[in-house]
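Notes for the one structure printed next.
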């Protein structure tokens, strides 16, 4: 990697009055979560990763019980995932699994 | 060498970065942030910052898109210098950005692949990136050179 560093650290920025207008934002960002900053992208990424896991599981074990499928799909969700997001991901998992099963049955 | 990026502010753990776009509209603070998704997987988000709120669907039209993209590229290098074993997922949030990201990877494929292994997601499976294909999202990881 030959890129030159062109950055200022968080701590240096908080000492530099040229960035005073950003100080409150910088302090907020140091504690903010990605899911709060970019909720739509957070959900899209969770769905994408879950879809990849489900596709792999369906290839290996297409007759897995639904409760095992849901457990497998949700086991890597972050510990602080909200109840609403757990519900959303459960619904997504079931719909995705049923869709893959239907396609497999149709293809057979 | 990435041409003329903005100076950016980096967090203590190099997981978020802020810079200011300067153009026709004025100064617009921008946020680039990285989320850890377990093992060595990360996701990147990018958007305008307005009163501390991030907006990743804003189209600011500040007349400096090339410099903004160069700065994001520089930030990605900075992120990888702190997290060299990472696999970074770059996922567009809408069709417009999907087209833009595909275009960027197509145009800059030769320079990106000198430092990064690139994969593209199609039909929920990642494959080695080809500039002739259109992808839903991308994954990049550093190529370790001896």
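The values are calculated or read from the model by the stated rules, or taken from the named source; none is laboratory data. What you see is a predicted model, and the numbers here were worked out from it, not measured in a lab. Methodologically, a virtual Cβ is constructed for each residue, glycine included, from the backbone with ideal geometry; neighbour enumeration extends over all protein chains shown.
Residues B:116, B:109, B:134: which one is surrounded by fewer than 15 Cβ atoms within 10 Å (Cβ to Cβ) and out of contact with any helix residue (DSSP H, G or I) (no Cβ under 7 Å at 6 or more places or on another chain)? Being surrounded by fewer than 15 Cβ atoms within 10 Å (Cβ to Cβ) and out of contact with any helix residue (DSSP H, G or I) (no Cβ under 7 Å at 6 or more places or on another chain) holds for just one of B:116, B:109, B:134, which is B:109. With respect to residue B:49, is the statement that it is buried (at least 18 other Cβ atoms within 10 Å of the Cβ) and either assigned by TED's automatic domain parsing to the domain that holds residue B:141 or within 14 Å of residue B:79 (Cβ to Cβ) (or both) true? Against the criterion (buried (at least 18 other Cβ atoms within 10 Å of the Cβ) and either assigned by TED's automatic domain parsing to the domain that holds residue B:141 or within 14 Å of residue B:79 (Cβ to Cβ) (or both)), residue B:49 does not qualify.
I'd like to check something: does the range A:44-60 contain any residue that is farther than 29 Å from residue B:33 by Cβ and surrounded by fewer than 16 Cβ atoms within 10 Å (Cβ to Cβ)?
Step one: of the range A:44-60, the residues farther than 29 Å from residue B:33 by Cβ are A:57-60.
Of the ones still in play, those that are also surrounded by fewer than 16 Cβ atoms within 10 Å (Cβ to Cβ) are A:59-60.
Scanning the range A:44-60 turns up at least one residue that is farther than 29 Å from residue B:33 by Cβ and surrounded by fewer than 16 Cβ atoms within 10 Å (Cβ to Cβ).
Within this structure, residue A:101 fails the test of being surrounded by 12 or more Cβ atoms within 10 Å (Cβ to Cβ), modelled with pLDDT of 85 or more, out of contact with any strand residue (DSSP E or B) (no Cβ under 8 Å at 6 or more places or on another chain) and within 23 Å of residue A:40 (Cβ to Cβ). Scanning the range A:6-41 for residues that are closer than 17 Å to residue B:34 by Cβ and either touching a residue at least 12 places away in the same chain (Cβ under 8 Å) or more than 7 Å from chain B (Cβ to nearest Cβ) (or both) yields A:10, A:26, A:30, A:31, A:32, A:33, A:35, A:36, A:39.
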